[in-house]
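Enquirer: Pasting a structure here, questions to come.
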Amino acid sequence: MSFCNDYDFELDSIAKFIEDRKARKIVLQLPEGLQTCVSLIIDFLRKKFGNEIEIYLSQNPSYGSCLVDDYSAAELSAEAIIHVGHLEYPLYKPKTPTLFVRGGYRKIDVERIKMLLNEICRESFKPICITTTAQHSMEIHNIVKNMQNCRFEFKGIILGCLLPETSDCGIDVVIAGGRFHCIAQALGNYARYGYLKTICIDPYINSIWNPKKDVEKILRVRLWKVREAFDAKNWLIIDGFYGQHRQQLINFLTNALKEHGKQYLVVKALKVDRSLLDNINAEKKFDAIVVVSCPYIAFDLTDYEKPVLTVGEALMAINKDLNRYMYPW
């Protein structure tokens, strides 16, 4: 439980949200990394409300705020969703009233982060932009606001496929745990601006690393996957649910396939992984696969027998033009 005490689950805000809506059925949704802390939230709510409320725990995927479990809430007639670990996704609004609890990390070493930022400060005459994740957004914003040595600009949070604008930056410093968010932002910077230097700071282990080699390796693999799909005739298109349902992209993609005389099948899936493709027998039935729901799923399936592409990559393959679409997704 000590791990869970490192995070601010805004328990009083959750209680107020429930009280204000007079909610009696609650759906609680946490990402995998914070699932172990669910009892902390439930115990608090039991002490606060007793048997006045029913709490349901969603075990559907929660990789981001594009996957708020609205369908479970509707099935249960729930009056509120408590979605932990992310901030609201601008392109999707759940039908059920939803409170987004970012799960702020309490143990950031402020002085160490300042020291690392000051080291980077010497490397650029242009503004140094700061991007981060929901868990660190308020803490990092406060750190940057109070630093006077350099021209730092807080640019906001990385929401998976929605990345902060950093066109006026000399360096983009991504402060996030692990590798996913930093590599995502670095890929976006490369795709949009040629190559904007991206530096990563991990606030859990207080280390600096450079994602340049990771980005170059990923792009080499992605271009090869596109080339593999140049002559694909039979296409599998995978659409998602909630904020990962992207009808406009499906329409754009299917129109392009029709214009080029290709065959396709559109499937709906809440969770996309290797077992789903194997169950569909995608390896034998289709020449290429496009994941519309989330671009990064394609990156996780680079070793699949048939090329698994993002929408942008699919359009490059259909048109046999490796230069037409800037974004790898």
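The values are calculated or read from the model by the stated rules, or taken from the named source; none is laboratory data. Only a predicted model underlies this, so the values are computations on that prediction, with no experimental measurement involved. FYI the Cβ positions are ideal-geometry reconstructions off the backbone, even for glycines, and counts take in every protein chain you see. Side chains are part of the model used for accessible areas, which takes the heavy atoms of the whole protein and leaves out ligands, DNA and RNA. Shrake-Rupley method; radii C 1.70, N 1.55, O 1.52, S 1.80 Å.
Enquirer: If you rank 138, 115, 147 by how much accessible surface each has, with a 1.4 Å probe, what is the order from largest down?
Expert: From most exposed to least exposed: 138, 115, 147.
Enquirer: Share of antiparallel DSSP beta bridges in the chain, in percent to the nearest 5?
Expert: Here the share of antiparallel DSSP bridges comes out near 15 percent.
Enquirer: By the 4.7 Å beta carbon criterion, which cysteine residues of the chain come out unpaired?
Expert: 66, 161, 294, each lacking another Cys Cβ under 4.7 Å.
Enquirer: Further, regarding this structure: How far is the Cα center of region 244-296 from the Cα center of region 110-161, in Å?
Expert: Rounded to whole Å, the Cα centres lie 38 Å apart.
Enquirer: I'd like to know which of 72, 310, 30 lies farthest towards the positive end of the charge dipole of the chain, counting +1 on Cβ of Lys and Arg and -1 on Cβ of Asp and Glu.
Expert: 310
Enquirer: Hey, another quick one. Mind grabbing the accessible area of residue 96 for me, 1.4 Å probe, Å², rounded to tens?
Expert: About 20 Å², rounded to the nearest 10.
Enquirer: Please give the solvent-accessible surface of residue 195 in Å², to the nearest 10, using a probe radius of 1.4 Å with every protein chain present.
Expert: 80 Å²
Enquirer: What residue among 181, 118, 63 has its Cα farthest toward the positive end of the dipole of region 44-181, where the charges are +1 on Lys, Arg and -1 on Asp, Glu, each on the Cβ?
Expert: Value computed over the given set: 118.
Enquirer: Next up: For residue 47, list the aspartates and glutamates whose Cα falls under 17 Å from its own Cα; do not include residues on the same chain fewer than 8 positions away.
Expert: Of all the aspartates and glutamates, those that pass the test against residue 47 - Cα under 17 Å, at least 8 places apart if same chain - are 10, 12, 19.
Enquirer: If you place +1 on the Cβ of every Lys and Arg, -1 on the Cβ of every Asp and Glu, and leave all else neutral, what size is the dipole of the chain about its Cα centre, to the nearest 20 Debye?
Expert: It comes to approximately 580 debye.
Enquirer: Shifting gears a bit: Report, in listed order, any pair from 107/217; 197/225; 217/320 with a Cα-Cα distance greater than 29 Å.
Expert: 107/217, as the Cα separations exceed 29 Å there.
Enquirer: Also, quick follow-up: Positive end of the dipole of the chain, charges at C-beta (+1 Lys, Arg; -1 Asp, Glu), about the Cα centre: which of 277, 257, 154 has its Cα farthest in that direction?
Expert: Result: 257.
Enquirer: Along the three principal axes, how long is region 17-125 when you take its alpha carbons, biggest first, rounded to the nearest angstrom?
Expert: 56, 33, 25
Enquirer: Need one number: % antiparallel among DSSP beta bridges in region 1-118, to the nearest 5.
Expert: 15 percent
Enquirer: Still on this structure, please answer the following. Compute the relative contact order of the chain as a whole-number percentage, counting only Cα pairs closer than 8 Å that sit 6 or more residues apart in sequence.
Expert: Relative contact order of the chain: 13 percent.
Enquirer: Can I ask one more? Which of the trypsin sites (Lys or Arg not before Pro) found in region 249-283 are in a DSSP loop and have at most 15 neighbouring Cβ atoms, other than their own, within 10 Å?
Expert: 271
Enquirer: For residue 25, which aspartates and glutamates qualify as cross-link partners when the Cα separation must be under 17 Å and same-chain residues fewer than eight apart are set aside?
Expert: Output for residue 25: 43, 52, 54, 69, 70, 75, 79.
Enquirer: Also, quick follow-up: Might you report the magnitude of the Cβ-based charge dipole of region 1-115 about its Cα centre, with Lys and Arg at +1 and Asp and Glu at -1, to the nearest 20 debye?
Expert: Once rounded to the nearest 20, the dipole reads 160 debye.
Enquirer: Got a sec? What order do 38, 84 fall in by accessible area at 1.4 Å, biggest, i.e. largest, first?
Expert: Order by accessible area, largest first: 38, 84.
Enquirer: While we're on this one: Is the chain rounded, prolate or oblate when judged by the Cα gyration tensor, a ≥ b ≥ c being the square roots of its eigenvalues, rounded requiring a/c under 1.5 and prolate requiring a/b larger than b/c?
Expert: Since a/c reaches 1.5 but b/c is at least a/b, the shape of the chain is classed as oblate.
Enquirer: If you don't mind, there's one more thing I want to ask. Over region 226-329, what relative contact order in percent results from Cα pairs under 8 Å that are six or more residues apart?
Expert: So the answer I get is 36 percent.
Enquirer: Show the residues, 5+ positions off or on another chain, whose built amide H is closer than 5 Å to the amide H of residue 233.
Expert: 287
Enquirer: Cross-link partners among lysines for residue 114, C-alpha distance below 16 Å, same-chain residues fewer than 8 apart left out?
Expert: By straight Cα distance, residue 114 reaches 145.
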